Amino acid sequence: MSVLDKIQQKNDIKKINPREYDELARDIRKFLVDKVSAKGGHLASNLGAVELTMALHLCMRFPEDKLIFDVGHQAYTHKLLTGRREGFETLREYGGMSGFPKIGESDCDAFNTGHSSTSISAAMGYAVARDMKHGKNRVAAVIGDGSLTGGMAYEAINSLAQTKTGCVIILNDNEMSIDKNVGGLSKYLNSIRVGSAYNDFKSGVEQTLLGSKAGTKVARTLKRSKDTIKQFFVPGMFFEELGITYVGPIDGHDVGIMVSTFEKAFRLNKPIIIHVKTKKGKGYPIAEKHPSFYHGISSFDPRTGKPLHISREATYTDVFGKHMVTLGTEHKNLVSVTAAMTIGTGLKEFTKTFPDRAFDVGIAEQHAVTFAAGLAMSGIVPVVAVYSSFLQRAYDQILHDVCLQGLHVILAVDRSGLVGQDGETHQGIYDVSYLSHLPGMTVVAPKNAKELKDMMDFAVEFDGPIAIKYSRGVAYTGFSDSNQPIVYGKSEYLVSGRDIAIIACGNMVEEGEKLLHKFDGTDYSPTFINARFLSTIDQEMLRDIANNYHIVVTMEENITSGGYGEKIAAALTDIGERKGIDHIDGSIRENKVEHGTISVLRRNLGIDADSIYERIMESLGKADLGD
């Protein structure tokens, strides 16, 4: 029996002999590599947090105590230690165990997470509620150094210092987020990672002076001048200046040191930040060497680390990144802005080619958008590349700072639509709804790789806010021979037919083509339209479908409310010609979508070709019966 086999349910780790902690950590890492290599998932971040999570579980009791992981992609060990070993057989599969903490999955998960910089706020809420109820449970938040580049974390730290409630914040410092950390905070942390002078000095002074009466008097004098001493030996003492006790850095792979430190911190019952130094990918040499690659990965060979399914086809992200270099060469005033996602959004080559025109602002989407607004005010053309689910964090800035001023800011919205196995916090199924109603905002979606480049060209020459939304994965190449120029507000007829009009949005053109072929050999020959513009309706097209088609189908990977299909339905009603037209809305009727592969999710949501074909045939059957 391995040491890990002794962990069957929550709090079992407390029964493990301390001499077995190292072996347990090795068992956990082997288990994680085995399961993630088979299922895919977040590997490097979880390998780096094994001992840290063990130490917290040794100091806390679940579910009474509350442990909140920032982002949550480092919570696999927590799931293992709370009795969810069997769940890894269905990790990130539809209906299976999530790759992130989920309150509906276990009472040991205190908060649903998926985005960064939220953990301290949530933990403070738990801590204040506990104090109001005169409770005694412990509350801790684990936040990475990358997440500390997000402004919300500092809002929480500032507020926590004011309330002074007992809350332990673990700063898991592995020098990485998804991409290499950037900015002033990263430099600050680098300075205190190696800056042991103050701690060594403080410890030596106390031991020497407090042993005598005279020494005690001197120590009191020094205590009164501690701020000067701290600032001399440790640059800034940033956290303590805010009013939060800072401890560290300590070894994040030494369970004994962490348990001792955490226990003392919990007993002090005040806000404390404990700086823990870990290594991303720890214990799996390939991941240690390439932590960014193994941050989130599909299935791979654990012996070699090589992915099992290698696609050499270009993704939309690849197409975007390559064309950005072309545009950067043609337009000297074009710059890129991203929020800690240079590699993830495809901007690595642009950054290498134009280092003075590429800006990675850290995990700070709000700042990214308003920074871009300032650039646009000065005649620069900024392209803000960000994932759809992260862009929604900057909603107010898009409205207030970009749209209300009518600024030429280009939003490159990657991972739009269903993203699959990362689940509900990462699905990009809200962007049409939250962008298209903003004043002056134009939202476009390309049908394929070529049209993405055409839309980027269009956006650079456009005068005003514009968002280009494109999906995760291999870029579709169908209908590449359709070269109709992009004209503002105009849709594109791909196939002309009769009776049925199918209008597909962006990446759903590929699914729409499958739907189109289902009518091969039948008496029906649908018209197939590429919507292109999602924030406005092509009025000429609208009149055409209202006058000439009995069934209108819209296909999109967006929620129903505020989506393109809803706009079409409203527009048909407004022109008073909807009578006799059956609108089949192929949008996402669920308000949130769990994890699963794209194909499985589309089928279960009823927006795949098969499901929509069945709805069309049902409608045709009713029409034939005279209903």
Being within 23 Å of residue 114 (Cβ to Cβ), outside any helix (DSSP H, G or I) and not β-branched (Val, Ile, Thr) narrows 368, 340 down to just 340
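To keep it simple, each residue is scored yes or no on (1) of a type in the set (Phe, Trp, Tyr); (2) at pLDDT 90 or above; (3) closer than 26 Å to residue 339 by Cβ.
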| residue | (1), (2), (3) |
| --- | --- |
| 95 | no, no, no |
| 112 | no, yes, yes |
| 133 | no, yes, no |
| 141 | no, yes, yes |
| 172 | no, yes, yes |
In the stretch 321-360, the residues that are in contact with a strand residue (DSSP E or B) (Cβ under 8 Å, 6 or more places away or on another chain) and small (Gly, Ala, Ser): 328, 336, 339, 340, 344, 346, 358
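Name the helices (runs of 4 or more DSSP H) wholly inside the stretch 525-627 in which the number of residues that are among the polar types (S, T, N, Q) and at pLDDT 90 or above is 1 or more.
Details: elements: 539-548, 564-574, 598-605, 609-624.
Filter on the stretch 525-627 gives 539-548, 598-605, 609-624.
Quick one: which residue in 296, 305, 248, 256 is over 27 Å from residue 127 (Cβ atoms), open to solvent by less than 60 Å² (accessible area, probe 1.4 Å) and either out of contact with any helix residue (DSSP H, G or I) (no Cβ under 6 Å at 6 or more places or on another chain) or of a type in the set (Lys, Arg) (or both)?
Step by step, each of 296, 305, 248, 256 is checked, and only 296 is over 27 Å from residue 127 (Cβ atoms), open to solvent by less than 60 Å² (accessible area, probe 1.4 Å) and either out of contact with any helix residue (DSSP H, G or I) (no Cβ under 6 Å at 6 or more places or on another chain) or of a type in the set (Lys, Arg) (or both).
Would you mention how many residues in the stretch 517-538 are over 34 Å from the mean Cα position of the chain (by Cα) and hydrophobic (A, V, I, L, M, F, W, C)?
1
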Can you spot a residue in the stretch 287-294 that is part of a loop (DSSP other than H, G, I, E, B) and modelled with pLDDT of 95 or more? no
Among the candidates 363, 274, which residue alone is touching a strand residue (DSSP E or B) at 6+ places or on another chain (Cβ under 6 Å), β-branched (Val, Ile, Thr), closer than 30 Å to residue 245 by Cα and surrounded by 19 or more Cβ atoms within 10 Å (Cβ to Cβ)? 274
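Every residue, every condition in (1) in contact with a helix residue (DSSP H, G or I) (Cβ under 9 Å, 6 or more places away or on another chain); (2) in contact (Cβ under 8 Å) with a residue 60 or more places away in the chain, yes or no:
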{"residue": "474", "(1), (2)": "yes, yes"}
{"residue": "486", "(1), (2)": "yes, no"}
{"residue": "493", "(1), (2)": "yes, no"}
{"residue": "496", "(1), (2)": "no, no"}
{"residue": "504", "(1), (2)": "yes, no"}
{"residue": "507", "(1), (2)": "yes, yes"}
When restricted to 64, 155, 86, the only residue open to solvent by 20 Å² or more (accessible area, probe 1.4 Å) and free of Cβ contacts under 8 Å to residues at least 24 places away in the same chain is 86
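Residue-by-condition table, conditions (1) out of contact with any Asp or Glu (no Cβ under 8 Å at 6 or more places or on another chain); (2) of a type outside the set (Phe, Trp, Tyr); (3) open to solvent by 60 Å² or more (accessible area, probe 1.4 Å):
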| residue | (1), (2), (3) |
| --- | --- |
| 515 | yes, yes, no |
| 554 | no, yes, no |
| 573 | yes, yes, yes |
| 591 | yes, yes, yes |
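What about residue 379, is it at positive phi and open to solvent by 20 Å² or more (accessible area, probe 1.4 Å)? Can you show your working first?
On the way: at positive phi: yes; open to solvent by 20 Å² or more (accessible area, probe 1.4 Å): yes.
When the stated conditions are applied, residue 379 passes them.
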Need the failing condition index for residue 458 against (1) under 30 Å from residue 618 (Cβ atoms); (2) open to solvent by 10 Å² or more (accessible area, probe 1.4 Å); (3) among the hydrophobic types (A, V, I, L, M, F, W, C), just the number. (1)
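To keep it simple, each residue is scored yes or no on (1) among the basic types (Lys, Arg); (2) surrounded by fewer than 17 Cβ atoms within 10 Å (Cβ to Cβ); (3) in a loop (DSSP other than H, G, I, E, B); (4) touching a residue at least 40 places away in the same chain (Cβ under 8 Å).
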| residue | (1), (2), (3), (4) |
| --- | --- |
| 1 | no, yes, yes, no |
| 5 | no, yes, no, no |
| 8 | no, yes, yes, yes |
| 14 | yes, yes, no, yes |
| 19 | yes, yes, no, no |
| 26 | yes, yes, no, yes |
| 30 | yes, yes, no, no |
| 56 | no, no, no, yes |
What's the total number of residues in the stretch 132-148 that are assigned to a helix (DSSP H, G or I) and either touching a strand residue (DSSP E or B) at 6+ places or on another chain (Cβ under 7 Å) or open to solvent by less than 30 Å² (accessible area, probe 1.4 Å) (or both)? 2
The one condition in (1) under 30 Å from residue 604 (Cβ atoms); (2) at pLDDT 95 or above; (3) not small (Gly, Ala, Ser) that residue 397 fails to fulfil: (1)
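The values are calculated or read from the model by the stated rules, or taken from the named source; none is laboratory data. None of the values given here were measured: they were computed from a predicted structure. Because the Cβ atoms are built from the backbone with ideal geometry, glycine has one as well, and the counts that use them run over all protein chains shown. Note: accessible area is taken over every heavy atom of the protein model, side chains too, but ligands, DNA and RNA are not part of it. Shrake-Rupley method; radii C 1.70, N 1.55, O 1.52, S 1.80 Å.
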